[in-house]
1. If I compute Cα extents along the principal axes in Å from the structure I just sent, which labelled value in (1) 91, 60, 46; (2) 90, 67, 55; (3) 96, 59, 50 lines up?
2. Considering only Val595, Leu205, Phe68, whose Cα is most displaced toward the positive end of the charge dipole of the chain, charges sitting on Cβ of Lys, Arg (+1) and Asp, Glu (-1)?
3. Rounded to a whole number, what % of the accessible area of the chain do carbon and sulfur atoms account for, probe 1.4 Å?
4. Taking the Cα centre of the stretch 82-173 as origin, work out the dipole magnitude from +1 charges on Lys and Arg Cβ and -1 charges on Asp and Glu Cβ, in debye rounded to 20.
5. Relative to the longest principal axis of the chain, what angle (0 to 90°, nearest 10) does the C-alpha long axis of helix 200-212 take?
6. For a quick check of your reading of the filter: which chymotrypsin sites (Phe, Trp or Tyr not before Pro) in the stretch 377-439 sit in a DSSP loop and have no more than 13 other Cβ atoms within 10 Å?
7. With the dipole of the chain worked out from charges on the C-beta (+1 for Lys and Arg, -1 for Asp and Glu) around the Cα centre, which of Ala264, Gly123, Leu608 lies farthest toward the positive end?
8. Where the only charges are on Cβ atoms (+1 Lys, Arg; -1 Asp, Glu), what is the dipole of the stretch 25-94 about its Cα centre, to the nearest 20 debye?
Amino acid sequence: MTSEARTTPTRLHRLLQTLGSALCLIVAGYYAVTTILAVWHTGWTELFADQLRQYAHLLQVPFPANVFAPDNAHRQVTSNLVRLADIHWGGGDQTIGVVTGLVALTLALVILCVRIWNDKAHGFGFRSACVLVSAVALMWMGAARMQFHGNESFQVYLVVICALIALHCVERLRLEPSMGIASVALLAAIVALLSFGTGVAVFGLLVFMMFLRRVAPRWTVATAVIGCGAVLAYMFLLPGSDSVRGPLSYSPLEIARNGVTWLASSWTTSWLAFGSNSAADLNLDVVSSLTLGPELLASSRSVFAATGNPSLLSLALVIGMIGLVLLAGLSFRAWRRPESVTHIEALGLGLSVFAVGVAVLVALGRTQAFAEHPLQVLADRYVQWTNLFWLGLFLAGAARWAKEPRSETASIVAALLLSAFAHPSHEYWRGWAAAVEQAVERRAAQVQVGVLASGFAAHFDMPSIEAGQKAIEVLRKHRVGMFRAPRNHLMGTVLALPQGADSVAAILGSIVRVDEEIAAPLPAWHAEGRLIDAATRSRMDGLLVADADGRIVGVGEFSFASTTRLRHRVDSVADGFDIYFRAEPPCRGLMLLGVDDEAKTLTALVPLANCGPQ
């Protein structure tokens, strides 16, 4: 039998390949749809992390100075415009941020898949596999820290979109250079620069890929000069330049080690962290209950056992180094033989190079912080960037060897295995995002009552409790965030209470004492509960706790749903809630009430049980 006959696909092989290709597209759709619905439903509905500081700043400083001022060493001009829209048109309810972020995420995936699908140099099966891996890289919910946080998602995925536009322009400049195409590429880089700190990497991406793809030198040199000018202006000329440069580190070895380690966070978040000694913060019981969860745990533990139980950081460093060696080899081959590089291979190389640029920027700006908290170099908030690195390696490597026998089948099998491998953590981090939604609603209720529960400053990423209190007063004054509706300003007022409920309309758990950062004259209490009849939810937007005289002593927020209704935002349909109130024990005569946003309709739900001294 000749070698040609051995490599010619049989009818059965072609059928299996077609079925595998179709399955790739179906699974890609599954990842996209589940994430889009989950983010729409559970995207966080209250201020979280940097937002308390950022929103207070936007409210206090006049426009446009409030938009251009850097925050945490980032210039977030486009992101601040979205936040201002959320403040002025949404009252800070996060819907505008979640929707714009979700649109940017979806658009990034669409652009990526269109670029892949239009490369007719590769077969249907190979392109289907690439689409699946792209969907996993962007839609896998291990990146929930960015996907579900409207404050973060828009700026992250806008930068990704700008990088994709820049890569497309490089390919166009190689074939038909023009001032118009070059202008679009530079505009994309400038938008990225003014969206988030990682946007600086788009300029580096442009210059490197122009060199790699042998674009005419005059275009490469001009882009490099303009890019250097833009970055210098970013760091030295624009307002607040000192705070942009302040966190930068200049220790080459530490920067290199942190940058290389950082590249492996995709593997640690999806897999290795579950089997390491650093898994204390992960709920392994939940993981083991998921489909393929036990296999994920067993394989992760076996890796550590087989390698002598190294630290997670050491293993991540090795993985990052392997990735960089692969990228260097692929880039060298592409530079030597540019005519053999397909659009998918060039796209993959560009994504990986861009992620390396982001790694350098993160290491430059965060090495001092990583010295204090070493495991933060693998934090989940970086995963979306590192996913692009490994996606790029898959696209470039698979495209380079696509003409080898059975390579298309191998790509399909690899893509399907990767999607199965990622699924347990996909579900795990979806659950984590829902837990964070309940946590932010709890904090919103606490803040309205004046309860500074343990972890207050850390939750809002504030330098001190006092700074957090000042920011809260700004939000209260401007009726933004957890103070956006009339019902959020009822603490301490006296209302005419409705008649007691004919029957118990809500179930309450135990009432427990809240540990506070600062002692208060009256103790604070917390209880979790849910409505018995979810249909009554339409009459109320929040909850109040009133004493026998009608004085409002507590507030509650709907924070979780007992049944999932993905078409609606969770805070509009949730029937589970958390309440916080202040009262002297034994807390007699307290009543739980439902209230609408305008504070015009009260609904008696259930008397509160006594709270004993704790």
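The values are calculated or read from the model by the stated rules, or taken from the named source; none is laboratory data. These numbers were taken from a predicted model, which means no experiment stands behind them. Cβ placement follows ideal geometry from the backbone for every residue including glycine, while neighbour counts extend to all protein chains displayed. The protein model used for the area step is the full one, side chains on, heavy atoms only, and it has no ligands, DNA or RNA in it. Shrake-Rupley method; radii C 1.70, N 1.55, O 1.52, S 1.80 Å.
1. Here the calculated entry is (1).
2. Leu205
3. Carbon-and-sulfur percentage of accessible area, whole number: 63.
4. 280 debye
5. 10 degrees
6. Trp401
7. With unit charges placed on the Cβ atoms, the residue in question is Gly123.
8. Result for the stretch 25-94 is approximately 160 debye, rounded to the nearest 20.
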